Amino acid sequence: MKLKNKIALITGGGTGIGKATAFLFAKEGARVVITGRREQILQGAVIEAKTENLEIEYLVSDVSEEKDCKAAVDYTVSKFGRIDILFNNAGVSYMGITHETSTELWDKTFDINVKGIYLMSKYAIPYMIEEKSGCIVNNSSILGLKASPAGFAAYSSSKGAVNQLTRSMALEYADKGIRVNGICPGTIYTPMMDDLFDKWSDREVGEKRYISVHPIGRLAQPEEIAHAVLFLCDDNIKFMTGTMLSVDGGMSAK
Ligand SMILES: NC(=O)c1ccc[n+]([C@@H]2O[C@H](COP(=O)([O-])OP(=O)(O)OC[C@H]3O[C@@H](n4cnc5c(N)ncnc54)[C@H](OP(=O)(O)O)[C@@H]3O)[C@@H](O)[C@H]2O)c1
């Protein structure tokens, strides 16, 4: 078991990549707390985990609300005594070219995708400093590395900010035993992508369009990203910090 006795907190852990990572971490021996805004979704994930003999805890918590971030960290520490791993995974994506993006959606994107990582880290890091050990993984995107003409200005900018926040944090805490890395997924079959496929008049055409930009010729399942997050949290690669790891079917190589 790669994460035996580790304590992991995963934001947006009720669905998609976060949920797949929570299940994999629990299988690898970690005690896992997942957060999100919708209690029913979180409860559903916990019940599903039980059917696989996995124990996962949940807490309703919005990463764009400072008090919720503090509460999520405090809950995890009060329950398990410390936090070894923070997977800042929660994120949202709204389509719209720059001048057609409302100020409200621009702010919401940054509040969740960027400020959420800052706030969760702000409250988790003091506990990690105390332990002289910690691992933070931030979920970015291929769109944090490359721009798209398809109308992802706010999302892509927010993920670019995630990359720089990741690198800054890696340097700030490198001498404190805390590693900070990021992951840049290509297109993954999750509820977020379901919403985007549905925006096409023909869903199948939309999906094929996304597949066509991935050199590997397919999209990925959330579990494939979960394994990459597990790799970043493995104590055997403790020399790795400040890296943005692309898991994108070859997209970033183009
Ligand atoms: N799917 C892809 O192709 C892809 C590609 C690159 C990067 N990513 C990134 O992967 C991450 C996970 O997305 P996903 O694809 O797995 O989609 P998803 O299933 O929609 O997951 C997003 C999760 O974030 C949670 N969330 C959203 N806003 C939140 C908030 N304010 N506070 C707490 N939780 C919040 C959602 O739960 P609630 O709505 O209940 O809060 C949901 O569980 C995101 O950061 C996304 O940008 C995805």
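The values are calculated or read from the model by the stated rules, or taken from the named source; none is laboratory data. Bear in mind the structure is a predicted one, so any value in this text is a computation, not a measurement. Using ideal geometry, Cβ is built from the backbone for each residue, glycine included, and neighbour counts are taken over all protein chains shown.
In the set (1) away from the ligand (no atom under 14 Å from the Cβ); (2) outside the structural domain of residue 102 (by TED's automatic domain parsing); (3) β-branched (Val, Ile, Thr), the condition left unmet by residue 213 is number (1).
On the stretch given as segment 1-35, residues that are touching a residue at least 60 places away in the same chain (Cβ under 8 Å) and either surrounded by fewer than 18 Cβ atoms within 10 Å (Cβ to Cβ) or not aliphatic (A, V, I, L, M) (or both) total 13. Taking the criterion of being in contact with a Cys (Cβ under 8 Å, 6 or more places away or on another chain) and basic (Lys, Arg), the only residue of segment 160-198 that qualifies is 179. When the residues of segment 163-200 are filtered to those that are closer than 18 Å to residue 243 by Cβ and in a strand (DSSP E or B), the one that is farthest from the chain's Cα centre (by Cα) is 178.
What do you reckon, is residue 166 touching a strand residue (DSSP E or B) at 6+ places or on another chain (Cβ under 7 Å) and either closer than 23 Å to residue 239 by Cβ or within 16 Å of the ligand (Cβ to nearest atom) (or both)?
Details: touching a strand residue (DSSP E or B) at 6+ places or on another chain (Cβ under 7 Å): yes; either closer than 23 Å to residue 239 by Cβ or within 16 Å of the ligand (Cβ to nearest atom) (or both): yes.
Judged against the criteria, residue 166 is a match.
Residues considered: 154, 124, 161. Of these, the only one that is at pLDDT 95 or above, hydrophobic (A, V, I, L, M, F, W, C) and within 12 Å of the ligand (Cβ to nearest atom) is 154. Sub-8 Å Cβ pairs linking a first residue in segment 216-245 that is on the phi > 0 side of the Ramachandran plot to a second residue that is part of a helix (DSSP H, G or I), at least 6 apart or interchain, are 217/211; 242/166; 242/167; 242/170; 242/171; 242/174, ordered by first then second residue.
Criterion first (basic (Lys, Arg) and within 8 Å of the ligand (Cβ to nearest atom)) does residue 38 satisfy it?
Values: basic (Lys, Arg): yes; within 8 Å of the ligand (Cβ to nearest atom): yes.
Against the criterion (basic (Lys, Arg) and within 8 Å of the ligand (Cβ to nearest atom)), residue 38 qualifies.
One residue stands out in segment 141-160 among those that are of a type in the set (A, V, I, L, M, F, W, C) and without any contact (Cβ under 8 Å) to a residue 24 or more places away in the chain: the one that is farthest from residue 17 (Cα to Cα), namely 147.
Checked against (1) within 20 Å of residue 194 (Cβ to Cβ); (2) outside the structural domain of residue 89 (by TED's automatic domain parsing); (3) among the charged types (D, E, K, R), residue 38 passes all but a single condition, namely (2). Is it fair to say residue 127 is part of a helix (DSSP H, G or I), of a type in the set (Phe, Trp, Tyr) and surrounded by fewer than 19 Cβ atoms within 10 Å (Cβ to Cβ)? No, not satisfied.
For first residues located in segment 36-47 and of a type in the set (Val, Ile, Thr), partners that are within 8 Å of the ligand (Cβ to nearest atom) and part of a loop (DSSP other than H, G, I, E, B) and lie 6+ apart or on another chain with Cβ distances below 7 Å form the pairs 41/14; 41/15.
Taking segment 211-223, which residues are surrounded by 17 or more Cβ atoms within 10 Å (Cβ to Cβ) and in a helix (DSSP H, G or I)? Selection gives 222 alone.
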